[in-house]
Amino acid sequence: MLPTMAASSCMLRSSFLFPNPKHQQSNGVVSFSPIKATYDAISQSPQLQKHRRPADENIRQEARRDISSHNLSARYVPFNADSNSSEWYSLDEIIYRSRSGGLLDVQHDMDALKKFDGQYWRSLFDSRVGKTTWPYGSGVWSKKEWVLPEIDSDDIVSAFEGNSNLFWAERFGKQFLGMNDLWVKHCGISHTGSFKDLGMTVLVSQVNRLRKMHKPVVGVGCASTGDTSAALSAYCASAGIPSIVFLPANKISMAQLVQPIANGAFVLSIDTDFDGCMQLIREVTAELPIYLANSLNSLRLEGQKTAAIEILQQFEWEVPEWVIVPGGNLGNIYAFYKGFQMCKELGLVDRIPRLVCAQAANANPLYLHYKSGWKDFKPIRANTTFASAIQIGDPVSIDRAVFALKNSNGIVEEATEEELMDAMAQADSTGMFICPHTGVALTALCKLRKTGVIGPTDRTVVVSTAHGLKFTDSKVDYHSKEIKNMECRFANPPVQVKADFGSVMDVLKKYLLSKNSRF
């Protein structure tokens, strides 16, 4: 067991120096609130008077001069374990499963975190947004105390990921849904073009720490449908750590395949689906000193949960009614739940949003489980879907997802191939240019609006998990109307026209008349 943790009485490191929130005036009568103490610290901070760092010093070296200690900690425990369980593991151990074979979870010392109230944490996190101070310029590491509190900042591998756009989907909401408070969290606007960067910076940083501790780790491996391999290879390349990628042959886009190749990963194209690749990488990592990077590894979820905290920050700590997340291997829906729940437990907000997990109908084991009333879960063989990153029939994080949905009064919805492609085309026509997985989430939203479950004034956030530029092939096929057995109702193919003025004028007039009867 971990030793008893003393009450936190020291400053947490940040881009400013923050005092202990328990501080009182010398007369012992009036206590400063954490927010007042924060503002006092900001106004008096030598950081505001300091000059630019020396030209021969980088931001990592600068951060070493601002090291302060704290007693916050985290550890692995069995997921959803009984409160009487004594099983736990250090984060410095290489372990993926509990003794019973179940999933692990990262458990933070909540008693130590609660020594600082909600206003303190809100002010601390807000003070770091938009800065270049290492490592807090990252949307993930700006919440370092809630992610990996014990890691040395010098071991962190970061591309200043996160801080992604929360886009007001004004036209899509009004035109297609009759909503005025619809938002899209563009997690795909990130270093490698997907939300996977949020978790991979945490995992690779911990691997970097383990290697410096001379732990038996020769490289990091993953099974992937594209985005995980891109994130893993980029962060490993940045740290100089070998990466190994198992990809299902001919099942990912060229834009996804080229990323791990360009980043120098050792790529194996295997004649199976994602579930087959996942089984193989688990067997390989059990025999070789290769660190497993899939979402079975709960470290990744610690980074992914920060997107939920960002959403609250971007709404100035107001809680939306709904958050809709595409689901495949199902770690992300739990990560969002965990981020929201930590904010509630630590007093940053007073409630959490209702969560919706959206699945492709061709790969919908969670949806079927939900419709059965959460009876015995049965894996399926996933069929091909344009939402290739969630083409998973036997999700590793099924138990996590069910826990998150039950505890958030959540819902599971599905989207057919035609529905998700039409939703993607409609969203693109309003300027979004989203991925097919976001099309799945938007389809779920449309269905819940149609049935009245989500109201017209409900503040709703759809999580976009990857950049649309990774899926140009499917977009081209849709707009060319070359997808078999699909009407492609919103296709917008280019118009072939002769190279003469009269022909061009004819087609332009016809187009303008169709858009504006007053032309």
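The values are calculated or read from the model by the stated rules, or taken from the named source; none is laboratory data. Please read these numbers as outputs of a predicted model, since none were measured by experiment. Note that each Cβ is placed from the backbone with ideal geometry, even for glycine, and that neighbours are counted across all protein chains shown. Just the protein is used for accessible areas: all its heavy atoms, side chains included, with ligands, DNA and RNA removed. Shrake-Rupley method; radii C 1.70, N 1.55, O 1.52, S 1.80 Å.
Hey, can you tell me all the residues within the range 207-227 that are under 18 Å from ASN250 (Cβ atoms) and in a helix (DSSP H, G or I)?
Within the range 207-227, just ASP227 meets the criteria.
Check every one of the helices (runs of 4 or more DSSP H) wholly within the range 272-385 and list those with 1 or more residues that are open to solvent by 10 Å² or more (accessible area, probe 1.4 Å) and among the small types (Gly, Ala, Ser).
The qualifying helices (runs of 4 or more DSSP H) are 274-287.
Considering only the range 486-503, how many residues are surrounded by 11 or more Cβ atoms within 10 Å (Cβ to Cβ) and without any contact (Cβ under 8 Å) to a residue 24 or more places away in the chain?
3
If I ask for residues that are touching a helix residue (DSSP H, G or I) at 6+ places or on another chain (Cβ under 8 Å), in a helix (DSSP H, G or I) and under 23 Å from GLN359 (Cα atoms), which ones from the range 469-503 would you list?
LEU469, LYS470, PHE471, THR472, ASP473, SER474, LYS475, TYR478
If I filter the range 435-450 for residues that are free of Cβ contacts under 8 Å to residues at least 24 places away in the same chain and open to solvent by 10 Å² or more (accessible area, probe 1.4 Å), do I get at least one hit?
Checked the range 435-450: at least one residue is free of Cβ contacts under 8 Å to residues at least 24 places away in the same chain and open to solvent by 10 Å² or more (accessible area, probe 1.4 Å).
Hey, among ALA239, ALA308, ALA249, ALA234, which residue is at pLDDT below 90, farther than 16 Å from ILE390 by Cβ and of a type in the set (Gly, Ala, Ser)?
ALA249
Can you spot a residue in the range 452-468 that is part of a helix (DSSP H, G or I) and over 29 Å from the mean Cα position of the chain (by Cα)?
Looking through the range 452-468, none of the residues is part of a helix (DSSP H, G or I) and over 29 Å from the mean Cα position of the chain (by Cα).
Is it the case, given these coordinates, that PRO456 is of a type outside the set (D, E, K, R), in contact with a Phe, Trp or Tyr (Cβ under 7 Å, 6 or more places away or on another chain) and at pLDDT 95 or above?
Judged against the criteria, PRO456 is not a match.
Of the residues ASP506, ASP473, which is free of Cβ contacts under 8 Å to residues at least 24 places away in the same chain and more than 26 Å from GLY178 (Cβ to Cβ)?
Being free of Cβ contacts under 8 Å to residues at least 24 places away in the same chain and more than 26 Å from GLY178 (Cβ to Cβ) holds for just one of ASP506, ASP473, which is ASP506.
Is it the case, given these coordinates, that GLY173 is surrounded by 19 or more Cβ atoms within 10 Å (Cβ to Cβ) and closer than 21 Å to GLY331 by Cβ?
No, not satisfied.
Go through the range 215-256 residue by residue and tally those that are free of Cβ contacts under 8 Å to residues at least 60 places away in the same chain, surrounded by fewer than 19 Cβ atoms within 10 Å (Cβ to Cβ) and of a type in the set (A, V, I, L, M).
Residues flagged as free of Cβ contacts under 8 Å to residues at least 60 places away in the same chain, surrounded by fewer than 19 Cβ atoms within 10 Å (Cβ to Cβ) and of a type in the set (A, V, I, L, M) within the range 215-256 amount to 2.
With the requirement that a residue be buried (at least 23 other Cβ atoms within 10 Å of the Cβ) and β-branched (Val, Ile, Thr), what does the range 179-214 give you?
Of everything in the range 179-214, those that are buried (at least 23 other Cβ atoms within 10 Å of the Cβ) and β-branched (Val, Ile, Thr) turn out to be VAL184, THR192, THR201, VAL202, VAL204, VAL207.
Consider ASP399 against the criteria (1) over 20 Å from SER295 (Cα atoms); (2) open to solvent by 30 Å² or more (accessible area, probe 1.4 Å); (3) within 21 Å of the chain's Cα centre (by Cα): it satisfies all of them except one. Which criterion is unmet?
Tallying (1) over 20 Å from SER295 (Cα atoms); (2) open to solvent by 30 Å² or more (accessible area, probe 1.4 Å); (3) within 21 Å of the chain's Cα centre (by Cα), ASP399 fails exactly one: (1).
Just wondering, is there one or more residues in the range 54-63 that are within 23 Å of LEU288 (Cα to Cα) and without any contact (Cβ under 8 Å) to a residue 12 or more places away in the chain?
No - not one qualifying residue is present in the range 54-63.
Which of the numbered conditions does GLU414 fail, given that it passes all the others? Conditions: (1) closer than 28 Å to ALA335 by Cβ; (2) surrounded by fewer than 20 Cβ atoms within 10 Å (Cβ to Cβ); (3) of a type in the set (Asp, Glu).
Result: GLU414 passes all but (2).
If you scan the range 480-519, which residues turn out to be closer than 27 Å to LEU420 by Cβ and of a type in the set (A, V, I, L, M, F, W, C)?
Within the range 480-519, ILE483, MET486, CYS488, PHE490, ALA491, VAL495 meet the criteria.
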